[in-house]
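The next block holds one structure in the form of structure tokens; read it before the comments.
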Amino acid sequence: PELINQIAAGEVIERPSSVVKELVENSLDAGASRVEVDIEQGGARLIRVRDDGVGIAPDELPLAVASHATSKIGSFDDLEHVASMGFRGEALASVSSVARFALTSRQRDADAAFRVEVDGGRLQAARPAQHPPGTSVEVRDLFYNVPARRKFMRAERTEFAHIDDLMKSLALARSGVEFRLSHNGKPVRVWKAARDEQAMLVRVADVLGENFPAQSLHLDHAAAGMRLSGWVGLPTASRGQADSQFFYVNGRLVRDRVVAHAVRQAYADVLFHGRHPAFVLYLELDPAGVDVNVHPAKHEVRFREQRLVHDFLFRSLHEALAQTRA
Ligand code: ADP
Ligand code: MG
């Protein structure tokens, strides 16, 4: 099983930011209202994710790191209706097979915490530990036992930049959750929970930084069982902003050609020039209308009714952008 886990890890765990993604998604699945991510040496030395979620029962700690034992999917059919982010039940098994790993957790109403460690794929027995309600996962020396992978890790700055980008995309996906990110002991990001649209706009501006356009427009449009909301920036003549384009489908960041095409068309049609505008957009639709399971680590989706989705996006954006010209 060790080799199988390591092979699975190769599919899902490409670099430190892949680990952060899996761990933070677990925290969000666990209903956390606060997620803290501490990184050392770009994640090569340490990745630690702490949350205040529901926690894990002591007897389930070993199961949580066992391959496929904990998958939430009961039948193949459920794949179409995945609402929670985790559904493969292999992330912790994979990560713990390629790092020195510890999982500490205390359930919300419990008065004690427990910890399991996995080293070189060997699971140690659960021991009592100190921990507030919630869960911490520590991943040290990532790929220490997979030299070929370790060699492919880039400079500390590059790996941290990937983690920072990921945290930005999560911060925009989950406005009600507080996120903190630190690197080598220094706080880098603090995003307090945003409870209303105004507070969310502050978070959007903070995430996009200088790429947040002075001219931007809020939109919220629903039709045909779909809803599109968020902010679109009017393109400036100055520079491309491909790194400030965030599109979420049911809370999941997506890079999709149907979406990209609809957005490009709407901008081109109204504004007659096609520079990369900044936007943060949220599409919500019936989960049965979209397959998010195309590839676990890629930002792809497949819409059941591509044409319908495309036209809805195009029309909603077109209408919103047209107002800016009136
Ligand atoms: P999946 O998320 O696909 O179920 P994972 O390997 O990521 O698989 O996690 C295994 C299980 O461990 C989860 O299903 C969940 O029950 C538990 N778990 C992992 N992380 C957390 C967390 N931060 N809080 C509570 N439970 C967790
Ligand atoms: Mg998971």
Exercise. May I ask you to list the residues in the range 184-200 that are touching a Lys or Arg at 6+ places or on another chain (Cβ under 6 Å) and among the β-branched types (V, I, T)?
Key: V190
Practice problem: Restricting attention to the range 10-21, report how many residues are farther than 15 Å from F179 by Cα and modelled with pLDDT of 95 or more. | Solution: 3
Self-check item: Counted residues, the range 21-40 - those being of a type outside the set (K, R) and within 12 Å of ligand 2 (Cβ to nearest atom)
Solution: 9
Quiz item: What are the residues in the range 107-119 that are surrounded by fewer than 17 Cβ atoms within 10 Å (Cβ to Cβ) and under 21 Å from V95 (Cα atoms), if any?
Solution: D119
Practice problem: Mind checking which helices (runs of 4 or more DSSP H) fall wholly inside the range 120-230 and carry at least 3 residues that are crowded, with 19+ Cβ neighbours inside 10 Å? | Solution: 156-173, 197-208
Quiz item: Cβ-Cβ below 8 Å, separation at least six or inter-chain, first residue in the range 183-206 and under 17 Å from W231 (Cβ atoms), second among the β-branched types (V, I, T): which pairs?
Solution: W191/V207; A194/V202; V204/V280
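The values are calculated or read from the model by the stated rules, or taken from the named source; none is laboratory data. Everything numeric here is computed off the predicted structure, so don't read it as measured data. Note: ideal-geometry Cβ built from the backbone for every residue, glycine included; neighbour counts use all protein chains shown.
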